[in-house]
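Engineer: Sharing a structure with you now.
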Amino acid sequence: MSKVKPAPPPGCTLNISDPQVQEAAVRIQASYRGHRSRKELREKGPPKILQDLKDVVLVEGSAAKLECRVSAFPDPFIVWSKDGKELKDGPKYRYVFEDPDFVALVVRDGVLADLGKYTVSIKNPFGQTYGSACILVEVPAKVSKGPDNKKAKRGTTVVLKAEISGEPPPDVAWLKDGDDIEEDDRVFFDIGDTNTILTIKNAKLTDAGKYEVFVENNLGTDQSFARVDIL
């Protein structure tokens, strides 16, 4: 005596004569064939860069991404480096593979030290290729350490020094009691890469007052003050 097979639960049967089912089957088959064709058409060989890396600007405290489009089969091994030193995938540097043809490096928490030349190495069993680009870092102008208050005797030399930073390098000005200082052979200032120095020779009683160092670039401004007393 043959057993009667139970009917399948509702929704678990397909009517192959249904036009919607037939259309879905055609789409699945076409999709599979397209995927297989794309894979079969890929020829084994050394990696190639199809879209070069481009220089990017990184603002201090933010993130930047370097990316390029590549062609490689079999899939390549990727290594990123900065100024010749390999970068490890981690919290600071993130290796990104957005799809089979794009590779990228994300640099997080930007600082001035991230300025430099970055290189991607793309390697598979058939060869190796490289691409390079620069990250340009922008840092708001800042007085990192302001000048100290000074007390000096008449006729001596007074020196006020401030440490500054910024990229692009900031414009620098010195002021006394709110007015720009007009430089001459006795009162003048120098601007270095990381500091600025105001020199007052043969100090006079009229040199006493409130001095300000002011820095500015396209990302911001900063200032610091110091008091000079002449005895």
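Engineer: Please enumerate the residues belonging to the range 134-160 that are surrounded by fewer than 18 Cβ atoms within 10 Å (Cβ to Cβ), aliphatic (A, V, I, L, M) and in contact (Cβ under 8 Å) with a residue 60 or more places away in the chain.
Structural biologist: Matches in the range 134-160: LEU136, ALA152.
Engineer: Among the listed residues GLU212, GLU163, identify the single one that is open to solvent by 50 Å² or more (accessible area, probe 1.4 Å), outside the structural domain of TRP80 (by the TED database) and not β-branched (Val, Ile, Thr).
Structural biologist: Matching residue, one of GLU212, GLU163: GLU163.
Engineer: Is it the case that the range 86-94 has a residue that's in the same structural domain as PRO46 (by the TED database), outside any strand (DSSP E or B) and aliphatic (A, V, I, L, M)?
Structural biologist: Yes, that holds for at least one residue.
Engineer: Within the range 122-231, considering only strands (runs of 3 or more DSSP E) that don't extend past its boundaries, which have at least 3 residues that are over 27 Å from LEU58 (Cα atoms)?
Structural biologist: Of the strands (runs of 3 or more DSSP E) lying wholly inside the range 122-231, those with at least 3 residues that are over 27 Å from LEU58 (Cα atoms) span 150-152, 158-167, 171-176, 187-191, 195-200, 209-217, 220-230.
Engineer: Please state which one of THR206, THR199, THR194 is among the β-branched types (Val, Ile, Thr) and closer than 22 Å to LEU112 by Cβ.
Structural biologist: THR194
Engineer: Considering GLY34, GLY90, GLY84, which residue is at pLDDT below 65, within 39 Å of the chain's Cα centre (by Cα) and among the small types (Gly, Ala, Ser)?
Structural biologist: That would be GLY34, the only listed residue that is at pLDDT below 65, within 39 Å of the chain's Cα centre (by Cα) and among the small types (Gly, Ala, Ser).
Engineer: Sticking with this one: Within the range 70-93, track down each residue that is open to solvent by 20 Å² or more (accessible area, probe 1.4 Å) and within 19 Å of CYS134 (Cβ to Cβ).
Structural biologist: VAL79, SER81, LYS82, ASP83, GLY84, LYS85, GLU86, LYS92, TYR93
Engineer: When VAL106 is evaluated against the numbered criteria (1) outside any loop (DSSP other than H, G, I, E, B); (2) open to solvent by 70 Å² or more (accessible area, probe 1.4 Å); (3) free of Cβ contacts under 8 Å to residues at least 60 places away in the same chain, which criterion, by number, is the only one it fails?
Structural biologist: Here VAL106 clears every test but (2).
The values are calculated or read from the model by the stated rules, or taken from the named source; none is laboratory data. As the structure is a computational prediction, the values presented were derived from the model and not from experiment. We place every Cβ from the backbone using ideal geometry, glycine too, and count neighbours over all the protein chains shown. Remember, those area values only see protein heavy atoms, side chains included, never the ligands or the DNA or RNA. Shrake-Rupley method; radii C 1.70, N 1.55, O 1.52, S 1.80 Å.
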